[in-house]
Amino acid sequence: MKEIKIQLKSADNAYPIIIGINLLRNLVGELKRRPIFANKYIIITDSGVRFLYGEKLLRLLKRAGLDSLLLSFKEGEKNKNLETIRFLYDKLLKRKVGRDSVIVSLGGGTAGDISGFVAATLYRGIPYIQVPTTLLSQIDSSIGGKVGMNHALGKNLIGAFWQPKAVYIDIDTLKTLPRREFLNGLAEAIKCAAISDEALFLFLQRNLEKIFKQDAGILEKLISRCCQIKAAVVQKDERESGPRKILNFGHTIGHAIESLAGYRLAHGEAVAIGMVAESKIAEKIGLIERTDTLAIIRLIGKTGLPVKTPANILSGKIIEKTKFDKKNIGGVPKYSLPCGIGKVRYGIKVEEKLIKSVLKEMR
Ligand SMILES: NC(=O)c1ccc[n+]([C@@H]2O[C@H](COP(=O)([O-])OP(=O)(O)OC[C@H]3O[C@@H](n4cnc5c(N)ncnc54)[C@H](O)[C@@H]3O)[C@@H](O)[C@H]2O)c1
């Protein structure tokens, strides 16, 4: 078992990230050990994870004599919306859940974002802990306190910063994760390595097969390192006013493609294409050597993630869509681009002509 501490600027905002196997079973003990006591524990999860782990966790909490409740919503990104949030508020208020309760966010990034937002807003904020069960949520979304929901006009447009009290990562839960979901997380791991850790990049190159076979030791190393990277970035810039923007590598073009594909492409697949495009852009403007671009593209390709722009999405549309990214200022997208393996720069404006030529090359 590994423990990483995340210490944010305000003194009361420090929390542990605990990574290990069989953690769900030991969660009750952990909750008691690290005073996250509450009069009531409310597990919030989605309909898929409910039957895989939610019911079991509820039984464990109840068996330990803890007053607990399990709420679930229909799985899937399309349900990360106000309707689901309202449904959860209704249930919590009708059950007279008080301020002395703790929300246990169990599941992938969708469950984490939704239940974290409920925690951030119910009675102006109650504590919550993250128990992520997808690779993406274990290395990325459960850390850093970004919570929220989608709006019909775009992804994650409504939200808050609300840090969890702890993050419990049980690697065993990945055993039931479908391969496509696993790949989603792997795309983010490649991003982490490409922008900030050459050793992690080499580790990924060397251990891809073991990662897919879910070798516990290798997975623990991978997840711990990604968590350390995310924690370090969040510590520097909790509210994304500067350095946290490095995490957007691959996401400017990736998000545009994801929304134009009508979510037919998984997030990780879109980000993979985005990383290929943005690495090529970085190369064309002289930020990164061709050998490094090729290494990034080769690693992405080796995982089975896509490296080409979908034929049915026009380059012009992708470029237009990047202008509506919520992170833009004045409608001008600014890119986070690699400048070597493990190095990145953010806030870079790129000429449309150049983006177009890269997207054309990637057909
Ligand atoms: N808050 C952040 O900082 C942040 C960062 C990145 C992404 N996100 C958000 O995360 C969301 C995507 O998260 P995700 O990729 O984890 O998807 P997800 O939460 O939608 O889960 C994907 C599917 O996997 C299932 N699942 C979850 N754990 C499982 C397991 N162990 N075994 C079998 N099935 C399992 C779920 O039921 C669901 O059907 C997006 O909404 C994205 O915006 C947030």
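Table for the structure above
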| quantity | calculated |
| --- | --- |
| Residue among Asn207, Asn184 that is within 27 Å of Arg50 (Cβ to Cβ), modelled with pLDDT of 95 or more and touching a helix residue (DSSP H, G or I) at 6+ places or on another chain (Cβ under 7 Å) | Asn184 |
| Matching residues in segment 236-275 - criterion: being under 19 Å from Ile143 (Cα atoms), in contact with a strand residue (DSSP E or B) (Cβ under 6 Å, 6 or more places away or on another chain) and not charged (D, E, K, R) | Ile246, Asn248, Phe249 |
| Some residue of segment 83-106 being within 16 Å of the ligand (Cβ to nearest atom) and surrounded by fewer than 17 Cβ atoms within 10 Å (Cβ to Cβ) | yes |
| Scope segment 325-338; condition more than 15 Å from Gly274 (Cβ to Cβ) and either crowded, with 18+ Cβ neighbours inside 10 Å or in contact (Cβ under 8 Å) with a residue 60 or more places away in the chain (or both); matching residues | Lys326 |
| Residue in segment 190-202 that is within 15 Å of the ligand (Cβ to nearest atom), loosely packed, with under 15 Cβ neighbours inside 10 Å and without any contact (Cβ under 8 Å) to a residue 60 or more places away in the chain present | no |
| The listed residue being near the ligand (Cβ under 8 Å from one of its atoms) and under 22 Å from the mean Cα position of the chain (by Cα), out of Gly154, Gly54, Gly116 | Gly116 |
| Residue check for Ile126: in a loop (DSSP other than H, G, I, E, B) and either more than 13 Å from the chain's Cα centre (by Cα) or more than 10 Å from the ligand (Cβ to nearest atom) (or both) | yes |
| Some residue of segment 223-243 being within 12 Å of the ligand (Cβ to nearest atom), charged (D, E, K, R) and within 16 Å of Ile300 (Cβ to Cβ) | no |
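The values are calculated or read from the model by the stated rules, or taken from the named source; none is laboratory data. Predicted model, so just to flag it, every value in this text is computed and none were measured. Quick reminder, even Gly has a Cβ in these numbers, built from the backbone with ideal geometry, and neighbours come from all protein chains shown.
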